[in-house]
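Engineer: Right, I'll just put the structure down here and ask away after.
Here, each number is a calculation from the coordinates, and none is a lab measurement. Please read all numbers here as calculations on a predicted model, not as lab measurements. Heads up, the Cβs are rebuilt from the backbone with ideal geometry, glycines too, and the neighbour counts pull from every protein chain shown.
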Ligand SMILES: [Zn+2]
């Protein structure tokens, strides 16, 4: 709890210096601030002279704007000595965005738990707390509690030296990004058509965003994890169900209802196991960890049919099966080989349809590792156009659960630092005017 007085003074700024602006009126000054920030974000650290060329702003105006951004803590200045002349060149002053001081407050909720965090725009999680979700079927009640947790999280930001530019919500179901509503989550009773963005924004006085948690994970891995440097990524994650996201050029493919990427309910057989969605043969029904563990233990067809993939936790059975397969248990290896082949059917179809350069596997796929991915790699060419299958790079996710929060940071950062003609602006929040 002890804080130096210096830290306290540094964090005593009355308000965030900028925020995530969702359109509306823009002053010329706000436009120019955005232009400078966008140039620094997309082109990297620059001297004032280089920045003048990049933005076309007169040097005097540019200096004014940079002065403001420096005092607001949005950018910082460093002296760099060029390597030429044996390191004895004249030091140059470079400006860059201070991404470690700018951050977002995030909330990830499901039926049982609410996790909140503070994440900077460079991709580091500074603070995280897990709370119990309220025991209620009333969405308004649940939302009030979530908003209260998030508000408490926002209040911690000054202590970690972070200026918040927005908040983000990771929803367990389907969402409507345009209206900021959670549409439906099968595992959260009563959670239907909930105005999440409006309420979180009002509670925190910050701009808010919502997305499916799987979508955030996909964005997080592409921006900061196993997808860095790739433009066409399919992310697939296994918990008890299977979710995913398709990232194309840094953007998440939404589809009409924001549900694009729900690869768990693509069919890999027409008469396979029953799925929680009511269908048969869905990928997530084939790969539900509880079902795989039951197969390994020799469950009867009737017992297998009674396993509803959704809403169950696999417990230790799946982990025990993986350990057995590792030790050479032939039955466990066969169950995983069959699962890998079912996964290859779904991913093979996706590869032919989407032509991704990288597939990132998260959640319990990481735990299963090569036991499952080995059979997947071996079978993929059987179910996709061979030249597309040959060129896809299959990797394990790197960020774990934090990918959800880092995805929020990734979208906020790309909106905030978009060139102003195309999107966000960097402004003082209205309350400080
Ligand atoms: Zn299904």
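Engineer: Express in % the proportion of alpha carbon pairs of region 228-398 at distances exceeding 24 Å.
Structural biologist: Beyond 24 Å sits 32 percent of the P(r) for region 228-398.
Engineer: Follow-up. By per-residue mean of other Cβ atoms within 10 Å, what is the highest-first order of 183-190, 164-171?
Structural biologist: Ranking the peptides 183-190, 164-171 by packing returns 164-171, 183-190.
Engineer: Quick one: order 216, 127 by neighbouring beta-carbon count within 10 Å, fewest to most.
Structural biologist: Arranged by neighbour count, lowest to highest, 216, 127 become 127, 216.
Engineer: Continuing with the same structure: Remind me, what semi-axes does the chain give for its equivalent ellipsoid, largest first in whole Å, using sqrt of 5 times each Cα gyration tensor eigenvalue?
Structural biologist: 43, 26, 19
Engineer: Build a GNM of the chain with springs between Cα atoms under 10 Å: which of 116, 81, 174 gets the top mean-square fluctuation?
Structural biologist: 81
Engineer: Starting from the Cα gyration tensor of region 299-416, take the square roots of the eigenvalues, sort them a ≥ b ≥ c, and report rounded, prolate or oblate (rounded when a/c is under 1.5, otherwise prolate if a/b is larger than b/c, else oblate).
Structural biologist: Here region 299-416 falls in the oblate category.
Engineer: Just need the Rg to Rh number for region 45-193, please, alpha carbons only, Kirkwood Rh.
Structural biologist: In region 45-193, Rg relative to Rh is 1.18.
Engineer: Let me ask something else. How high is the relative contact order of the chain, in percent, counting Cα pairs under 8 Å that sit 6 or more residues apart?
Structural biologist: The value is 18 percent.
Engineer: While we're on this one: Which value does Rg/Rh take for region 26-107 over its C-alpha atoms, Rh per Kirkwood?
Structural biologist: Radius of gyration over Kirkwood radius for region 26-107 works out to 1.03.
Engineer: Further question: Mean residue ellipticity at 222 nm from the helices of the chain, using -39,500 (n - 2.57) per DSSP H segment of n ≥ 4 over the full residue count, to the nearest 500 deg cm²/dmol?
Structural biologist: -12000 deg cm²/dmol
Engineer: Here's another thing I want to ask about it. What shape does region 222-265 have by the C-alpha gyration tensor, where a ≥ b ≥ c are the square roots of the eigenvalues, rounded means a/c under 1.5, and otherwise prolate means a/b greater than b/c and oblate the rest?
Structural biologist: Taking the square roots of the gyration eigenvalues as a ≥ b ≥ c, region 222-265 is oblate.
Engineer: Ok, one more. Using packing as a proxy for protection, rank 232-244, 41-53 so that the peptide with the highest average count of other Cβ atoms within 10 Å comes first.
Structural biologist: 232-244, 41-53
Engineer: Let me ask something additional. Which angle from 0 to 90°, rounded to the nearest 10, does the C-alpha axis of helix 330-354 make with the longest principal axis of the chain?
Structural biologist: 50
Engineer: If you don't mind, another one. What do you get for Rg/Rh of region 270-360 when both radii come from the Cα atoms and Rh is the Kirkwood radius?
Structural biologist: 1.00
Engineer: Next up: Among 138, 214, rank each residue by its count of other Cβ atoms within 10 Å, from fewest to most, as a rough exposure measure.
Structural biologist: Going from least to most buried by this count: 138, 214.
Engineer: Something else about it: With an 8 Å Cα cut-off and a minimum separation of 6 or more residues, compute the relative contact order for region 228-398 in percent.
Structural biologist: Across region 228-398, relative contact order equals 23 percent.
Engineer: Rounded to whole Å, give me the distance from the Cα center of region 132-147 to that of region 186-257.
Structural biologist: 21
Engineer: Sorted by packing (mean other beta-carbon atoms within 10 Å per residue), highest first, where do 367-373, 54-60, 335-341, 298-304 land?
Structural biologist: Ranking the peptides 367-373, 54-60, 335-341, 298-304 by packing returns 335-341, 367-373, 54-60, 298-304.
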